[in-house]
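This report concerns only the one structure given below.
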Amino acid sequence: MFLGGQSVSLLGDGCAVLAVPLLVLQLTRDPLAAGLAAAPRGIGYLLVGLPAGPVVDRLNPWRVLVAMDVLRAGVFVVLPGLVWLGAAPLGGVLALAFVGGAATVFFDAALTVAVKDLFPAEGLLRANSVLESAGRTSQMVGPAIVALLATWIGVETALLINAATFAVSLATLVPLLIEVRAGRTRGGGARDARSAGLLAPGRADRARTTPRSARLMLRRLGEDLWEGLRFIVGFRPLLALTIVQTLVNLCLAVDTLIVYFARVQLGLPTPLVAAVITAGGAGGIAGAVTAPFIAARLGALPSISLGILLAAGSLLVMGASTGWAPLLAANAVQVWAVSIASVINRSTRQRWIPRELLGRVTTAARALFVAATPVGATVAGAVTKASGHDPRPAFLAAGLLIGVIIGCGWFGVLRRYDTPAAAPDS
């Protein structure tokens, strides 16, 4: 029930990727506004990514999941309502989109803790594989659903369908919250209310000592955040993975130029451009499905390193492509490899990080990953422009840099560590 509800919720995320920009384009032709509307989750991480983790660590993650689903469903009910009432200024639409993005940040942090509670040991990797598969599928199916609905019944009604996906997620979370509160959770390792986070060690005492003063509250959250950052720095393999993933994301941002490469540089017709993008989505689903099998045979850290290395090789092939076939194949392999590394990396972090630090450490790391993407996209665009509007040098440079990064990370740190069941006490 939990994984099914979250799969539907992820479909809502996939729908929002196209539905919100379409609504903005219906109100204005401003490309900057449309671009901002297409990235509410990334902007949400930049706005609340750091404080979200400490807040989730201080609260019951199940209640956070329920509250954020209510908030996100409300956003996608209010948006079409404003349009129908003729009271939808561009600033208001973007503000609501960013509220939904910020809610997703809190939801992601709480989801990380909930998955760790419900699925122990090897079940953790399988659960993340299911969620990654659902996320990749939503990126393919969601925009197609919105495009059809926007054509037939209007983008405003399509937004209501998006709200319905969060309502479905909410309907599956409420019974689980009730079961957790009753201390009858039977899933995986979450055998009682204490293991499920409702009565985590120290949580009751922490709740009684929560300062009422806003200034003291902010100070306490700052201390929590610093504790999470100190854990990342003090646990060497986690620090190495965080640095590697941040630098790799910086380089992988070059894939934002794939559509430009296919349509402008290679002059491909729209159906072939769509085929190239769809191949990437299919590769992502395949990567999520195969990640547990690869990790079981190679180990976590070797599998992550291999996935990153394959992604580097795929970018090199893209940089040498002169037709649609090698570009399509390289994009499929690249997203497949990145998906494998992402699933195993997420599961590894969940195993390493103590539960009471999981929210703050996860959101701190994700804030770095998300911030690297727009910076990398800007650099890739500048390199392309300096190369006579040819993106091939940007793809080649990104592939080479990723190869160097994972080589240094593997031989410098990662090969010395097997994946421990948990990190040392902080």
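Does Gly74 satisfy the criteria of being surrounded by fewer than 18 Cβ atoms within 10 Å (Cβ to Cβ), part of a helix (DSSP H, G or I), at pLDDT below 80 and not basic (Lys, Arg)?
no
One line per residue, one yes/no per condition, for (1) within 12 Å of Thr363 (Cα to Cα); (2) in contact (Cβ under 8 Å) with a residue 60 or more places away in the chain:
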position	(1), (2)
Val48	yes, no
Pro54	yes, yes
Leu59	no, no
Val77	no, yes
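Do we have Ala103 as aliphatic (A, V, I, L, M), buried (at least 24 other Cβ atoms within 10 Å of the Cβ) and either without any contact (Cβ under 8 Å) to a residue 24 or more places away in the chain or more than 24 Å from Ala158 (Cα to Cα) (or both) here? If you could, list the steps in order and put the result at the bottom.
Working: aliphatic (A, V, I, L, M): yes; buried (at least 24 other Cβ atoms within 10 Å of the Cβ): yes; either without any contact (Cβ under 8 Å) to a residue 24 or more places away in the chain or more than 24 Å from Ala158 (Cα to Cα) (or both): no.
No, not satisfied.
Scanning for something surrounded by fewer than 22 Cβ atoms within 10 Å (Cβ to Cβ) and modelled with pLDDT under 90, does the range 329-340 turn up at least one residue?
Among the residues of the range 329-340, not one is surrounded by fewer than 22 Cβ atoms within 10 Å (Cβ to Cβ) and modelled with pLDDT under 90, which makes the answer no.
Counting only residues that are modelled with pLDDT under 85 and under 24 Å from Leu79 (Cα atoms), which one in the range 161-181 is farthest from the chain's Cα centre (by Cα)?
Result: Ile161.
Kindly indicate which of Leu36, Leu11, Leu47 is of a type in the set (A, V, I, L, M, F, W, C), out of contact with any Ser or Thr (no Cβ under 9 Å at 6 or more places or on another chain) and modelled with pLDDT of 75 or more.
On the way: Leu36 fails: modelled with pLDDT of 75 or more; Leu11 fails: out of contact with any Ser or Thr (no Cβ under 9 Å at 6 or more places or on another chain).
Testing whether each residue is of a type in the set (A, V, I, L, M, F, W, C), out of contact with any Ser or Thr (no Cβ under 9 Å at 6 or more places or on another chain) and modelled with pLDDT of 75 or more leaves just Leu47.
Is it the case, given these coordinates, that Ala95 is more than 27 Å from Val276 (Cβ to Cβ) and either in contact with a Lys or Arg (Cβ under 6 Å, 6 or more places away or on another chain) or in a loop (DSSP other than H, G, I, E, B) (or both)?
Details: more than 27 Å from Val276 (Cβ to Cβ): yes; either in contact with a Lys or Arg (Cβ under 6 Å, 6 or more places away or on another chain) or in a loop (DSSP other than H, G, I, E, B) (or both): no.
No; evaluated as a whole, the condition is false for this residue.
Could you say which residue among Ala311, Ala262, Ala253 is modelled with pLDDT of 90 or more, under 19 Å from Ala380 (Cα atoms) and either surrounded by 19 or more Cβ atoms within 10 Å (Cβ to Cβ) or not small (Gly, Ala, Ser) (or both)?
On the way: Ala262 fails: modelled with pLDDT of 90 or more; Ala253 fails: modelled with pLDDT of 90 or more.
Only one candidate qualifies: Ala311.
Run down Val66, Val56 and say which single residue is more than 21 Å from Leu94 (Cα to Cα), β-branched (Val, Ile, Thr) and buried (at least 24 other Cβ atoms within 10 Å of the Cβ). Even if it seems obvious, please write down each step before you answer.
Numbers: Val66 fails: buried (at least 24 other Cβ atoms within 10 Å of the Cβ).
So the residue among Val66, Val56 that is more than 21 Å from Leu94 (Cα to Cα), β-branched (Val, Ile, Thr) and buried (at least 24 other Cβ atoms within 10 Å of the Cβ) is Val56.
Looking only at the range 110-125, count every residue that is within 24 Å of Leu79 (Cβ to Cβ) and touching a helix residue (DSSP H, G or I) at 6+ places or on another chain (Cβ under 6 Å) and tell me the total. Even if it seems obvious, please write down each step before you answer.
Kept after step one, since they are within 24 Å of Leu79 (Cβ to Cβ), are these residues of the range 110-125: 110-111.
Add one more test, that the residue is touching a helix residue (DSSP H, G or I) at 6+ places or on another chain (Cβ under 6 Å), and what stays is 110.
Final tally of qualifying residues: 1.
From the set of residues in the range 290-316 that are in contact with a helix residue (DSSP H, G or I) (Cβ under 6 Å, 6 or more places away or on another chain) and β-branched (Val, Ile, Thr), which is farthest from Ser342 (Cα to Cα)?
First, pick out the residues of the range 290-316 that are in contact with a helix residue (DSSP H, G or I) (Cβ under 6 Å, 6 or more places away or on another chain): 291-292, 294-295, 300-301, 303-305, 307-312, 314-316.
Filter once more, so that each one left must be β-branched (Val, Ile, Thr): 294, 304, 308.
Numbers: Ile294: 13, Ile304: 8, Ile308: 9 Å.
Once the filter is applied, the top-ranked residue is Ile294.
The values are calculated or read from the model by the stated rules, or taken from the named source; none is laboratory data. Note that the coordinates shown come from a computational prediction; the quantities given were computed from them, not determined experimentally. Cβ atoms come from the backbone with ideal geometry, glycine included; neighbour counts cover every protein chain shown.
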